Structures are given as C-alpha cells and as structure tokens.
1. Leaving ligands, DNA and RNA out of it, work out the accessible area of Glu122 with a 1.4 Å probe and give it in Å² to the nearest 10.
2. Would you kindly work out the equivalent ellipsoid of segment 300-457 from its C-alpha gyration tensor and give its semi-axes, the square roots of five times the eigenvalues, largest first in whole Å?
3. Please compute the net charge surrounding Glu156, taking Lys and Arg as +1 and Asp and Glu as -1 over other residues with Cβ under 14 Å from its Cβ.
4. At 1.4 Å probe size, what's the solvent-accessible area of Lys269? Round to the nearest 10 Å².
5. What do you reckon, how do Thr254, Thr297 stack up by accessible area (1.4 Å probe), largest on top?
6. Please give the per residue accessible area of segment 300-457, computed with a probe of 1.4 Å over protein heavy atoms only, in Å².
7. Let a ≥ b ≥ c be the square roots of the eigenvalues of the Cα gyration tensor of segment 227-321; is it rounded (a/c under 1.5), or, if not, prolate (a/b larger than b/c) or oblate?
8. Here are some pairs, Lys101/Lys123; Lys123/Lys397; Lys101/Lys480; Lys187/Lys438; which of them have Cα atoms lying more than 30 Å apart in this structure?
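The values are calculated or read from the model by the stated rules, or taken from the named source; none is laboratory data. Keep in mind that what you see is a predicted model, and the values were worked out from it rather than measured. We place every Cβ from the backbone using ideal geometry, glycine too, and count neighbours over all the protein chains shown. For the accessible areas, the whole protein counts, side chains as well, though only heavy atoms, and no ligand, DNA or RNA atoms are used. Shrake-Rupley method; radii C 1.70, N 1.55, O 1.52, S 1.80 Å.
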Amino acid sequence: FQPLHTLRNAEKELLPGFHQFEWQPALKNVCSSWDVGIIDGLSGWTTSVDDVPADTIARRFRYDVALVSALKDLEEDIMEGLRERGLDDIMCTSGFTVVVKESCDGMGDVSEKHGTGPAVPEKAVRFSFTIMSISIRVEGEDDGITIFQEQKPNSELSCRPLCLMFVDESDHETLTAILGPVVAERKAMLESRLILSIGGLLRSFRFFFRGTGYDEKMVREMEGLEASGSTYICTLCDSTRAEASQNMVLHSITRSHDENLERYEIWRKNPFSESADELRDRVKGVSAKPFMETQPTLDALHCDIGNATEFYKIFQDEIGEVYQRSNPSREERRRWRSTLDKQLRNKLKLKPVMRMNGNYARRLMTREAVDVVCELVPSEERREALQKLMELYLQMKPVWRSTCPSRECPDQLCRYSYNSQQFADLLSTTFKYRYDGKITNYLHKTLAHVPEIVERDGSIGAWASEGNESGNKLFRRFRKMNARQSKMFELEDVLK
C-alpha cells in the first residue's frame, strides 16, 4: 500500500505516453508528439454540420503510442531473443518486423446492478491488440529470424486494451465513428517505420496488423456483409446456404477486403442496371461499405460454441427420433429438451444455460457427454451414428484449437480433410433431416475452410479472440470494484 503519488509515478512508466519515439516518414494526419496518454475516444472525429454528436463515452490510447509501450514491455524479451539467435545486437538496428493481432468484441449488459432506478441497457465494446511475434531480417538471409513469439496468445495478459467505449456493437454508425481514427492511424503506420530505443540503441520497426479476433457478427459488420442469417453463409467464400449443405467440404477462400470494397461499389452504382435480386447475387451479399480490414479466418472460440449448439440440437432431435417423422410440435421439442437437460445435469453435473458459452461447449463436446445422451436414444443404429459423429469431431477439433497444430497434433492435421469428408457424409445421409438445404455458418467453415487457413497462417487457435473475451471479464470486474464512480473516470481507470 504505497501513497498515491508514488503509485502515480510508477504507473506513468507502464502506461502509454512515457517513452520517446519517432516515425520515419512522419505519420500522415497523426500528431508527432509522443507523450500522449489517455484521449477521448471521439477525438479525431470531425463532425459535419448535420452530424448529431455521438451520445456515448469512449476512451482510448493513441495506437502508435500504445504499440511503443507494448514494445518497451518486451524490451528484455527482444534482447534475449537476439542473444539466443547468436545475433550481435549492435549490428541489429533495422529490419525488425512486428506482427500484431487485433481483437474487437461487444459486451452485453454492463450496467450497474446495485443502483436504484431503472436498469439501463448499457453495452460496451472493447478493441485491443496482442503482439504475436517480432522477427528481424538479416543481410544475406531471405527469411526473417523470429526473435520473439507470444507463447500465450489467448491470455488476457498479452491482450492490451486500446479503446473502450459504451456503445452497442450493433450501432454501426457510432462504432465506425469511434474506430475511424484508429483505422486511420493503423493505415498511416503501415507506410512508415517506428524508430525506438531498445537495449540502449535506436532501432527501426515496421508493423503488420491482422484483424482476426472478431466473431462472425463483428466481421460481417466491419466488412459490409449482410447479417449472419443471410443466404450468403460464409465470410470466407461466396457459397450460399443451399450450396454449402449440398457440397459440405469442397470450398476455397475467395473473399478479401479489397474485393468487398469493389463489390460495394458495384452495389452502390449498379452499372448493369440489374434487378435487386440479380445485383445482390452479383455482389454476393456485400451491401454496406467495408470499414476495417479483417483477415479472412475462423474464430476458434465461437466455432466451438456454434458447433456445440448444433450438436445440442442434434441430441434433442435424436431423443425425439425426428428422423422418422416430420414437423414435431413445439411441445414435443420442449419435452425432449428438458429430458436432455435433466440427463446432462444428473450424469455430468451440467446445468442448463440460457446461451451456450465456451465452458458448456467444451464439456458438451466429449465422449462422456455423447455416451450419456445415447442412454436416451432408443435405436442402436442411431447411437452408433452419434458416437461416430462425435469421434470424428473430436479428431478434428484440436486442429483449429491448438496454437501450433503442426507441432501439437500433426496426425489430426494430416487426416483433417479425410475426417471432415467422413463427417459431411454422415450428416448428409444419417442426419439428412437436419441438413437438407441448410447448414449453420460455423459448421460450414469447420468442414470446408480449416485446412486452407492452417496452411496459410500456421494456426487458427493462436489468432482467436479468447484473450479479448477474457479481458471482457476483467472489464466487468474493474468497472464494479476498482473504478472511481463517475462514467468519465471509470473507463480511464479500466483502460489503465
């Protein structure tokens, strides 16, 4: 328990805005001063005459200042990495490349629970980044040498908050207004080099940003795609829901940010004077202006949750033997659901949840869970099919969950395409009643896109949004316990 002023001084060194740096060339449209701490999230947003001022509170760090602070935190790791690779740190002053993962997620109800008066529907959005790796290009070498790799890319400890705002993630206008300056800063940094003192010498860094920590809802919002109930089921390829349920496995990644921008222009101008349906088919569901570049990938956490929800529904249908009948009533469905919940609670101590969450999903997708469910399934043949389905799923899952699949589960990685084909065959024959002309978004991605993403990025799990999700939990905690009780201060305290 230090006196406040000593805490303040210690805090200064840890917070962005303490370390001196410069950019070469200077960043376009970004002030060159480096001693910038917490700023208003709405600063940098020029309002036009007609604009209504955004009715929200937001606080953020300037992006470049926050990155500098993160690099200074890793100073020892960088020097250690150079030593381990046998590189002379006096020679290594340029050629550093930093890869940054960006995450952004909306949080539901964060309103104060204990105050008097009506509960206001207060939502928040957090944007954060994680430094994934730092490498250096040495003369005479073609490839960069990695000197730092984040070992726990999904821990909240490596996930640094950049911007906190009281906004509903569905409020596209306000969200884009606040993140607009962040996007502009990020764009400026791509065309410049950071000069920063590390280990006593000035060194130059360039940055690559990969927006992968978004769930599907956020990706669709950022990339101008229709919402997730659209017939255009996928954020990676142009497939429709019907096509994806017919051909479950053979798709490749075609969408990109640039292509989405081109398609938006076609949508806006309609150069061929087509009808609304023809036009929509031409642009494959791009109907708003893509706002921020995201990396076409699959979010491992939400993939788990989406697939577990789907399995839960299959379990329910199998208990009611839906494959033998069509259109069961709501009452019957409700009865099967309560039977399933009761069984899972008694045998696995799994309490029913309102909305599927990560922990429930992980416990539901196990051999034990499927065995317990099979006790309620009358037909031997259907029990075997269910067990086989789960077995295949459990073979596939480590490939998109693990941080480095080629090292952690090479066999499953090799067999992934075969397993996903088997899985798809089972769905389109034994479970045809559920997959006739329809399939869920994440199930499509799990079956069709995982090998291609792993081949391109080396991992799916490492680029997931979990670090940011865990940080959401901390946000709630700090907001309740550790923040001064004024909305203005509160976000600043939480951001610190």
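1. My reading of the accessible area for Glu122 is about 30 Å².
2. Output for segment 300-457: semi-axes of 27, 18, 14 Å.
3. Details: positive: Lys101, Arg126, Lys152, Arg160, Lys473, Arg476, Arg477; negative: Asp105, Glu150, Glu466, Glu469.
Cβ neighbours under 14 Å give a net charge of +3.
4. Spelled out: Lys269, probe radius 1.4 Å, area about 130 Å².
5. Heavy-atom accessible area, descending, gives Thr254, Thr297.
6. On a per-residue basis, 50 Å².
7. Taking the square roots of the gyration eigenvalues as a ≥ b ≥ c, segment 227-321 is prolate.
8. Check vs 30 Å cut-off fails for Lys123/Lys397; Lys187/Lys438.
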